[in-house]
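This report refers to the structure that appears directly beneath it.
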Amino acid sequence: MDLSAIFPLVHAEGIIKHISVPLFTGVIGWITNWTGVLMLFYPVKFKGIRIPGLKTLAQFLPRKVLEVPIGLIHGRFGWQGIIPSRAAKMGSIAVDKGLMKLGTPTEFYQQLDPNAIAEHILNTSQHEIDHIIDRLMMRYYPLLWANVPASLRQAIHARVASELPDIVHELTKEIGLNIDQLLDVKLMVIGYMEEDPTLANMIFQEMGRRELKLIVHMGFVFGFLLGVPLLFLTIAFPIWWLVPICGAIIGWVTNWLAIAVIFEPVKPVKIGPIALQGLFIRRQRQVADVWARIISERIVSLTNIGYELFNGPRGDRTRKLIENLLRPAVDRAVGVARVPVRAAIGSKNYDTMSRFAVAEATDLASSSLLDSEFNRRQSTRIRNLVAEKTRNMNPNDFADMLRSAIKADEWLLILHGAVLGVGAGLVHLIVFGA
């Protein structure tokens, strides 16, 4: 029997062709996983070209297709990284499945130490208070303030200085008691992640740095192993379309396996002496510190909380709280001078002056929270809280927190693998022939 007629592999010219099959499929796996990782993160902002009529065409496409970050709904064809394009969704999920299970807004605020915040505001504002009083009076009532005796001015300054510590401590205490009404953590996180999509990238890239490198290399391994049976198929069935079709299957399976080994199984599954668990989930305790650092420094930081309290969608409530605390204090500070001042400028104008004082005090308190060194010290407390609770988090919740944001787009990564697999199969066909 002429074996060479049955198995072309014995021909010298067939050896390279057939042995190249698993090598090609290995390369398919490596490229699909490498480009798949790039598709997850880049570009951070949408890049594309406008195509006439595309927006009209998009109206007839299925909703699932329109949700893909290729810009069809806006009449442009291009791409935005899956994670940056889902930054708002990821922020929402991070709160619902992560932060709110790690602690309440009250717990986060208490970790920031309200008393330390009060002392910091006092230390950074003492030199400004007298200037605020002088600036307000000179701006709105210059003639009156110019004629007030120096002794009376000093008495008012001293009265304010003596009242200030109690006012500020009461303010930070009241903020803590009413934090749920003053601060919407979910909107805050969504806002910051939507405004800066690189935060979403940072969470995945820094927490999963090892796993991302691993899935790229595993792409070659999976592709090569899947290419071995394809080698024998090409020997038995030398059909020209076999490698491109099987290349699509291998690209599909390779990306599916890469995603699966990262997140599945959530809980360890024993197979003999080996315990299988998702690579990322297995490192939950180690990556907890990375997650906590990003959360405490970039998202739930004192600076961001302070900004949201004073300037966020509920900032008017914070300002009203400050006004309710400061208005009586303004009256007490003015003391005996209150009656002549009211008589001189009128009750309505006196109330206006008080409101301006509240506004100035609010700006001073909010600007005091921008001190980077103080923020770093206070953020350490939140970092420790988040890290500790993340380490003890239910594995299912930990997996959901990170996977849910991209789960709806996993099909796209798998499809991308299949498309590249077809392309690589056609290249093999062109290079080595049918």
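The values are calculated or read from the model by the stated rules, or taken from the named source; none is laboratory data. Values in this document were obtained by computation on a predicted structure and should not be read as measured data. Positions of Cβ are backbone-derived with ideal geometry, glycine not excepted, and every protein chain shown enters the neighbour counts.
Is there a residue in the range 270-277 that is assigned to a helix (DSSP H, G or I) and free of Cβ contacts under 8 Å to residues at least 40 places away in the same chain? It would help to see each step written out before you state the result.
Restricting attention to the range 270-277, the residues satisfying the condition of being assigned to a helix (DSSP H, G or I) are none.
Looking for residues that are assigned to a helix (DSSP H, G or I) and free of Cβ contacts under 8 Å to residues at least 40 places away in the same chain, one finds none in the range 270-277, hence no.
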Condition check: touching a Gly at 6+ places or on another chain (Cβ under 8 Å), surrounded by 13 or more Cβ atoms within 10 Å (Cβ to Cβ) and at pLDDT below 75. Does Ile156 satisfy that? yes
For the range 220-241, enumerate the residues that are among the small types (Gly, Ala, Ser) and either surrounded by fewer than 17 Cβ atoms within 10 Å (Cβ to Cβ) or on the phi > 0 side of the Ramachandran plot (or both). Ala236
Close pairs from the range 231-249: first in the same structural domain as Leu413 (by TED's automatic domain parsing) and at pLDDT 80 or above, partner exposed (fewer than 13 other Cβ atoms within 10 Å of the Cβ) and not in a helix (DSSP H, G or I), Cβ under 8 Å, at least 6 apart: Ile239/Ala434
Subset of the range 268-287, residues under 20 Å from Ile406 (Cα atoms) and either basic (Lys, Arg) or in contact with an Asp or Glu (Cβ under 8 Å, 6 or more places away or on another chain) (or both), comes to Gly278, Leu279, Phe280, Arg282, Arg283
